[in-house]
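Structure first, then comments.
The values are calculated or read from the model by the stated rules, or taken from the named source; none is laboratory data. As the structure is a prediction and not an experimental result, all values here were calculated from the model. Methodologically, a virtual Cβ is constructed for each residue, glycine included, from the backbone with ideal geometry; neighbour enumeration extends over all protein chains shown. Side chains are part of the model used for accessible areas, which takes the heavy atoms of the whole protein and leaves out ligands, DNA and RNA. Shrake-Rupley method; radii C 1.70, N 1.55, O 1.52, S 1.80 Å.
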Amino acid sequence: MGHQHSHDNSGKNLKLAFFLNLAFTILEFIGGLYVNSVAIISDAVHDLGDSLSLGTSWYLDNKSKKDSNSKFSYGYRRFSLLGALINSLVLIGGSIYVIYEAVGRILEPEHSDAQGMIIFAIIGVVVNGYAAYKLSSGKTMNEKVVSWHLMEDVLGWVAVLVVGIVLYFKDIHYLDPALSLIITLYILYNVFKRLKETLFIFLQGVPQDLDIEKIKQEILNVKNVKSLHHTHIWSQEGEHHVFTSHVILKNIENFDQVILTKKQIKDCLK
């Protein structure tokens, strides 16, 4: 009962964070155009990616409760990789557009509504801060990762707030597009980093926190193990890993020895 309750809470928290973020993203796009702030539009692109991530996380939180079946014998965990890939491509496309707009604004400066920027920044800090707070006490990895991401958004909005206050007292036109470039380059750095990790898992690379040769050697040290063949390790979605190997045994006199050896190998893998 307690385990199920935790799953229910994670779904509710992700659902709340998703709808908060999506509603605010739409408001950002409208507001960014209204106050003529490319920095707010760049953060809207960022939040669009976050909304997709939250929606995917919420969907997968429900999907992950499904058992494996004849279609997906390993279950549904790997679906999260597809979500990560789609999110990354959307963010890259949006970021390229924002960079294009920001460079244009630096070359041909335009006036931004500082008061509007300040108002949106305060709303941004409150909305993202509340969503991060709701997910900060979550038990699932999904909730924790999304919570950290939302805290990054809060810091981004603090930066917009500071620039808005500066512009309110002194109209420095290049400050807004310069801030948008910094935010966008930071987003792209993290997106490419995440995309590289996602593609590595897609291509069934050996998880970076595991040493396949060390594992093989530990299994070879188990009594009655003669050799290993066709040994493979890959990850379903970056958290749950899969190991397969063909193990040849020696000096086996009865079936109980086979069972014991199998148990010892499983202990090595744990």
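Hey, can you tell me all the residues within segment 160-173 that are modelled with pLDDT under 80 and within 18 Å of ILE41 (Cβ to Cβ)? Spell out the reasoning first.
Taking segment 160-173 as the starting set, the residues that turn out to be modelled with pLDDT under 80 are 171, 173.
Within segment 160-173, just HIS173 meets the criteria.
Return the residues of segment 89-108 that are closer than 22 Å to THR198 by Cβ, of a type in the set (Gly, Ala, Ser) and surrounded by 13 or more Cβ atoms within 10 Å (Cβ to Cβ); say none if nothing qualifies.
GLY94, SER95
Yes or no: segment 249-257 includes at least one residue that is part of a helix (DSSP H, G or I), within 30 Å of PHE120 (Cβ to Cβ), of a type outside the set (Gly, Ala, Ser) and open to solvent by less than 80 Å² (accessible area, probe 1.4 Å). Give the derivation first.
Pass one, segment 249-257, residues part of a helix (DSSP H, G or I): 255-257.
With within 30 Å of PHE120 (Cβ to Cβ) added as a condition, the list becomes none.
No: zero hits.
Just the residues that are over 37 Å from the mean Cα position of the chain (by Cα) and either farther than 20 Å from ASP267 by Cβ or touching a residue at least 40 places away in the same chain (Cβ under 8 Å) (or both), please, taken from segment 200-254.
VAL222, LYS223, VAL225, GLU253, ASN254
Out of contact with any Phe, Trp or Tyr (no Cβ under 6 Å at 6 or more places or on another chain), within 30 Å of ALA102 (Cβ to Cβ) and surrounded by 12 or more Cβ atoms within 10 Å (Cβ to Cβ), is that true of ILE182? First the steps, then the outcome.
Details: out of contact with any Phe, Trp or Tyr (no Cβ under 6 Å at 6 or more places or on another chain): yes; within 30 Å of ALA102 (Cβ to Cβ): yes; surrounded by 12 or more Cβ atoms within 10 Å (Cβ to Cβ): yes.
Yes, satisfied.
Search segment 109-130 for residues being at pLDDT below 80 and not polar (S, T, N, Q), and hand back the single one that is surrounded by the most Cβ atoms within 10 Å (Cβ to Cβ).
That would be PRO109.
Could you count how many residues in segment 210-241 are outside any strand (DSSP E or B) and in contact with a His (Cβ under 9 Å, 6 or more places away or on another chain)? Working first, answer last.
Taking segment 210-241 first, the residues outside any strand (DSSP E or B) are 210-224, 236-240.
Applying the additional criterion that residues be in contact with a His (Cβ under 9 Å, 6 or more places away or on another chain) yields 210, 212.
Matching residues across segment 210-241 total 2.
For segment 155-178, enumerate the residues that are open to solvent by 20 Å² or more (accessible area, probe 1.4 Å) and closer than 30 Å to LEU85 by Cβ.
Correct list: LEU155, ALA159.
Going by the structure shown, is SER42 touching a helix residue (DSSP H, G or I) at 6+ places or on another chain (Cβ under 6 Å), among the hydroxyl-bearing types (Ser, Thr, Tyr) and at pLDDT 75 or above?
yes
Check off (1) out of contact with any Leu (no Cβ under 6 Å at 6 or more places or on another chain); (2) farther than 30 Å from ASP171 by Cα; (3) modelled with pLDDT of 80 or more; (4) buried (at least 22 other Cβ atoms within 10 Å of the Cβ) for PHE18 and give me the number that stays unchecked.
For PHE18, the failing item is (1).
Do we have GLU101 as part of a loop (DSSP other than H, G, I, E, B) and either among the acidic types (Asp, Glu) or in contact with a Pro (Cβ under 7 Å, 6 or more places away or on another chain) (or both) here?
Values: part of a loop (DSSP other than H, G, I, E, B): no; either among the acidic types (Asp, Glu) or in contact with a Pro (Cβ under 7 Å, 6 or more places away or on another chain) (or both): yes.
Against the criterion (part of a loop (DSSP other than H, G, I, E, B) and either among the acidic types (Asp, Glu) or in contact with a Pro (Cβ under 7 Å, 6 or more places away or on another chain) (or both)), GLU101 does not qualify.
Please enumerate the residues belonging to segment 216-236 that are closer than 24 Å to THR198 by Cα and open to solvent by less than 40 Å² (accessible area, probe 1.4 Å).
Start the filter on segment 216-236 by keeping residues that are closer than 24 Å to THR198 by Cα, which leaves 231-236.
Across segment 216-236, the qualifying residues are THR231, ILE233, SER235, GLN236.
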